[in-house]
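Single-structure report; data block below.
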2 protein chains.
Amino acid sequence: MEDTLAKLPAVILAAGKGSRLKKEKYITPKPLTPLLGLSLLERSILTCCQAGVKEFIIVVGFMKDKLHSHIEELRSKYGLSILTVENSNWESGNGTSVTACSQHLTGPFFLLMCDHLFEPKILEDLITADYGAGVCQLAVDRNIDKPSELKEATLVQIDEKDIRAIGKGIENPDAIDTGFFLCWPLLFSALKKAQEKGDGSLSGGIRELIGTGQIRAVDASRRFWHDVDTPEDFNQGEKRLLERLKTAKRIDGPVSRYINRYFSIKLTRLLAPYHITPNQVSILSTLVGLFGAACFFSIGFLTKWPPLWIWIVSGLAGFLVQISSILDGVDGEIARLKLRPSPYGAYLDYMLDRFVDGFAVMGMVYGTFMLTGNFMIILGGFMALLGLPLSSIHRAKFLAEAKRNYLDEDDGPLRYLPYSRDVRLFIVFLGGVFNIAELAIYLLAIVSNLVALLRLYTVKKAMKN
Amino acid sequence: MEDTLAKLPAVILAAGKGSRLKKEKYITPKPLTPLLGLSLLERSILTCCQAGVKEFIIVVGFMKDKLHSHIEELRSKYGLSILTVENSNWESGNGTSVTACSQHLTGPFFLLMCDHLFEPKILEDLITADYGAGVCQLAVDRNIDKPSELKEATLVQIDEKDIRAIGKGIENPDAIDTGFFLCWPLLFSALKKAQEKGDGSLSGGIRELIGTGQIRAVDASRRFWHDVDTPEDFNQGEKRLLERLKTAKRIDGPVSRYINRYFSIKLTRLLAPYHITPNQVSILSTLVGLFGAACFFSIGFLTKWPPLWIWIVSGLAGFLVQISSILDGVDGEIARLKLRPSPYGAYLDYMLDRFVDGFAVMGMVYGTFMLTGNFMIILGGFMALLGLPLSSIHRAKFLAEAKRNYLDEDDGPLRYLPYSRDVRLFIVFLGGVFNIAELAIYLLAIVSNLVALLRLYTVKKAMKN
């Protein structure tokens with residue numbers, strides 16, 4: 001059964017007017033409204049793609065010509081299979097938009113609205129629930145404590161898993177209708193019945209399924225979803241998507257968590273509307289980091305300058321490295337925000353990081369050695385260069401051998417050593433700004449290698465689990 | 001079906017005398033004969049474990065007390081579930097040993113002989129073939145071109161997949177009986193019939209299944225298996241197991257393939273009989289490498305020595321690094337030969353390698369710099385230290401992101417760059433023996449970084465596949 005479900009097409013309703021979002025004159029229809037660099041429709045489609053959906057049927061109505069040309073763009077941009085269905089009758093209710101697809105659907109399908117932000121796991125939940133052939137499923141959210149939301153939302157009454165009532169303003173609601181369905185073609189006859197009674201809404205059709213046990217609820221209370229109806233919803237949606245970037249990565253080092261993310265998310269929001277790819281940001285991060293390294297190097301040629309001036313150059317170098325570290329978070333955030341994670345992007349970012357780390361240390365060593373003539377700095381630099389990549393190597397090798405990520409705070413205090421790249425670059429930053437590059441080099445040399453040696457022990461224990 | 005088969009127990013026959021192997025007086029029974037560090041029985045059991053077998057029934061007869069105590073050792077050494085069954089009637093034929101297990105088996109099981117070397121894929125083939133409940137399966141080898149083998153072997157005649165005849169010296173044979181079976185309990189009644197006719201052999205029982213379609217052949221012609229009956233078989237078996245070590249690793253660098261393996265396999269053979277763990281060899285390899293690095297370093301303190309003496313120290317350093325490189329192959333070979341691959345062992349080996357690489361370069365740089373005073377060497381050393389781990393990092397990161405190994409000679413000439421660790425250490429070796437450490441440093445610095453940059457391009461193409 002799950003095998004069949006894994007290949008479900010998704011029907012996305014994009015025919016309505018969405019009059020609550022725009023008070024001004026309509027220039028672009030609602031599904032085309034850009035939110036953090038993607039139109040609402042584009043974001044829906046790409047989120048479905050992440051859940052494994054390969055085929056789309058999109059129902060258009062209001063301002064259909066603009067939608068047709070936008071969908072054509074999406075087809076060629078992402079190489080997707082998208083069928084467009086027109087519903088000239090869209091003003092009679094969103095149920096008629098579903099009816100318009102009936103001839104194209106012979107098996108189960110996802111049904112969703114173009115104006116919902118969501119995480120792909122909701123669709124996976126619908127597949128996992130799998131109540132059997134012919135039973136339609138609606139994802140519901142049991143968080144109904146905010147009365148303001150309840151006024152606008154479609155509500156459902158649930159008995160065990162069976163839906164007992166659905167509609168706006170029903171009494172004693174148990175949950176909110178999220179608008180994500182897994183449907184079977186029998187929905188079409190239910191919609192027809194409702195339409196014959198003069199109810200053109202999707203909820204009307206669903207009501208016809210109540211009582212025969214053909215519509216059941218799937219709990220999606222813990223999932224992220226967000227309905228964009230009003231301008232307030234729109235702003236709130238942007239905010240929630242950005243907030244989610246903070247938690248999307250499982251382990252964030254302390255400097256990332258408490259300093260870098262604050263800036264990187266602001267930058268990501270700023271850059272999101274533009275056609276800037278994550279790889280371009282990775283390269284920018286590298287260039288800024290290399291420029292910082294060059295500033296450290298340059299101190300080697302400025303040994304005759306007054307100490308204050310040297311300090312200024314050193315501080316600039318430190319700042320540039322820290323900015324590079326912040327930008328190093330932006331590429332991943334943009335990739336996640338625009339729903340285009342790329343294995344090559346992750347590879348590129350990772351390899352370029354090694355060059356920035358290496359050159360930053362080399363620059364510090366060269367500058368400081370030329371200033372002081374202390375040969376110990378060179379030995380320290382060698383040890384730092386040896387030790388710096390070990391932490392990344394350790395993580396990649398652990399994953400390759402143990403087939404899982406190394407973490408694990410749960411596994412004991414020694415397992416999780418907060419010595420990720422953000423921390424290492426922060427040491428370089430501090431070395432630059434406080435003009436204590438020599439100390440920073442020794443610190444990197446000692447801690448990097450000690451941590452790697454310590455992990456020979458902790459990994460042994462971790463692999464036994 | 002395959003789900004049931006995945007949990008099959010294995011019955012291993014170890015009751016016979018094996019009189020052809022030992023001409024001298026019996027001190028240890030045949031199943032206990034050590035071959036490359038493992039008894040024949042131990043190797044059978046561990047190979048089964050690699051195929052996923054979790055439960056064993058071992059039939060003992062001849063010299064059963066020695067077998068009992070050996071099996072007890074194996075139980076506690078590997079934490080295995082092994083049931084021992086005694087067959088006092090073992091001299092009447094190996095069929096009686098199978099009969100002795102009847103009360104312990106209610107479902108399908110693997111049946112094999114304790115004196116066969118084999119690769120786990122044979123058992124996997126038997127499971128994959130899956131002819132349905134109640135059909136016994138025998139793995140056969142269609143390579144019957146060596147007449148010498150045919151005289152001793154049990155032969156089979158096959159029609160499509162059905163076995164038509166089985167026995168020693170039958171006419172027009174199609175294949176050799178490898179001795180690996182997937183059996184169902186109906187075999188026990190067939191064995192009983194044969195025994196009533198006075199035939200106590202397993203082949204006798206199998207013959208009773210012919211004609212009813214209850215015994216079919218599974219082609220294992222491309223698999224490694226080796227029957228150890230005579231002293232010649234024994235030597236040949238050792239040789240074949242060692243030979244397989246050369247091809248077990250998918251990518252061997254050119255220095256490994258043409259130089260290191262020649263020595264490492266000899267060393268592995270030498271060490272196999274002793275209780276030396278792969279991790280101990282990894283640590284030895286590290287120590288030898290670090291000693292080589294120390295020799296390179298020491299040149300920095302011997303600058304007043306005559307050039308020839310310095311050359312000798314440099315050559316010694318180079319040789320030690322090359323020996324370390326050879327030992328770096330031995331740990332993996334021992335792990336594979338003794339059937340105990342360990343994720344932690346692979347991790348440890350990998351991390352320790354990074355230290356050897358780093359210190360070898362540092363040693364070369366220090367020694368050469370103190371001799372020449374040329375600051376370029378230090379810059380070259382920094383670049384070499386930066387570049388050296390990039391190749392390993394690249395491979396680990398590619399695996400983590402693309403979920404497959406990076407190789408790939410098939411993918412184009414630029415994808416496969418023969419710049420693996422064996423090659424890098426060989427450059428250090430050449431730098432040492434020919435006293436051209438400075439050149440070696442520059443070579444490592446330039447090639448390592450160039451290769452890493454080139455891979456940013458080739459990986460992009462590889463990930464598109």
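What to note about this one:
- Counting only residues that are more than 16 Å from B:SER97 (Cβ to Cβ) and either acidic (Asp, Glu) or at pLDDT 80 or above (or both), region B:16-27 holds 1 of them.
- For region B:303-318, the criterion of being under 32 Å from the mean Cα position of the chain (by Cα) and within 14 Å of chain A (Cβ to nearest Cβ) is met by no residue.
- Within region B:77-98, being of a type in the set (Gly, Ala, Ser) and in contact (Cβ under 8 Å) with a residue 24 or more places away in the chain holds for B:SER81, B:SER88, B:SER92, B:GLY93, B:GLY95, B:SER97.
- Just one of the listed residues (A:VAL255, A:VAL281, A:VAL288, A:VAL228) is within 30 Å of A:ALA175 (Cα to Cα) and crowded, with 20+ Cβ neighbours inside 10 Å, namely A:VAL228.
- Scan of region A:207-225 for residues that are buried (at least 17 other Cβ atoms within 10 Å of the Cβ) and not β-branched (Val, Ile, Thr), ordered by number: A:ARG207, A:GLU208, A:LEU209, A:GLN214, A:ARG216, A:ALA217, A:ALA220, A:ARG223, A:TRP225
- Residue pairs meeting the criteria (Cβ under 9 Å; at least 6 apart or on separate chains; first assigned by TED's automatic domain parsing to the domain that holds A:ASP353 and at pLDDT 70 or above, in region A:391-416; second surrounded by fewer than 16 Cβ atoms within 10 Å (Cβ to Cβ) and basic (Lys, Arg)): A:PHE398/A:ARG404; A:ASN405/A:ARG250
- Remark: A:ASP349 matches the filter, which requires a residue to be under 19 Å from A:THR268 (Cα atoms), of a type in the set (Asp, Glu) and within 14 Å of chain B (Cβ to nearest Cβ).
- Some residue of region B:408-415 being assigned to a helix (DSSP H, G or I) and within 14 Å of chain A (Cβ to nearest Cβ): no
- Meets criteria (modelled with pLDDT under 95, more than 8 Å from every other protein chain (Cβ to nearest Cβ) and more than 24 Å from the chain's Cα centre (by Cα)) for A:LEU430: no
- Subset of region B:352-370 (residues that are more than 9 Å from chain A (Cβ to nearest Cβ) and surrounded by fewer than 21 Cβ atoms within 10 Å (Cβ to Cβ)): B:MET370
- Restricting region A:168-194 to residues that are over 36 Å from the mean Cα position of the chain (by Cα) and surrounded by 20 or more Cβ atoms within 10 Å (Cβ to Cβ), the residue that is nearest to A:SER92 (Cα to Cα): A:ALA194
- Residues of region A:120-147 classified as outside any helix (DSSP H, G or I) and among the hydrophobic types (A, V, I, L, M, F, W, C), total: 7
- Filtering region A:371-390 to residues that are under 21 Å from A:LEU430 (Cβ atoms) and more than 10 Å from chain B (Cβ to nearest Cβ) leaves A:LEU371, A:THR372, A:ASN374, A:MET376, A:ILE377, A:GLY380.
- Odd one out for B:LEU242 among (1) of a type outside the set (Asp, Glu); (2) at pLDDT 90 or above; (3) surrounded by 18 or more Cβ atoms within 10 Å (Cβ to Cβ): (3)
- Just one of (1) within 16 Å of the chain's Cα centre (by Cα); (2) in a helix (DSSP H, G or I); (3) not assigned by TED's automatic domain parsing to the domain that holds A:ASP331 fails for A:ARG261. It is (3).
- Yes/no for B:ARG244 being among the basic types (Lys, Arg) and in the same structural domain as B:VAL361 (by TED's automatic domain parsing): no
- Test result for A:ILE441, touching a Gly at 6+ places or on another chain (Cβ under 9 Å) and surrounded by 22 or more Cβ atoms within 10 Å (Cβ to Cβ): yes
- Qualifying residue in region B:329-346 (condition: within 20 Å of B:GLY253 (Cα to Cα), surrounded by 24 or more Cβ atoms within 10 Å (Cβ to Cβ), of a type outside the set (S, T, N, Q) and within 11 Å of another protein chain (Cβ to nearest Cβ)): no
- Any chance B:LEU117 is part of a helix (DSSP H, G or I) and either outside the structural domain of B:VAL218 (by TED's automatic domain parsing) or crowded, with 18+ Cβ neighbours inside 10 Å (or both): no
The values are calculated or read from the model by the stated rules, or taken from the named source; none is laboratory data. Computed from a predicted structure; not experimentally measured. Cβ: placed from backbone, ideal geometry, glycine included. Neighbour counts: every protein chain shown.
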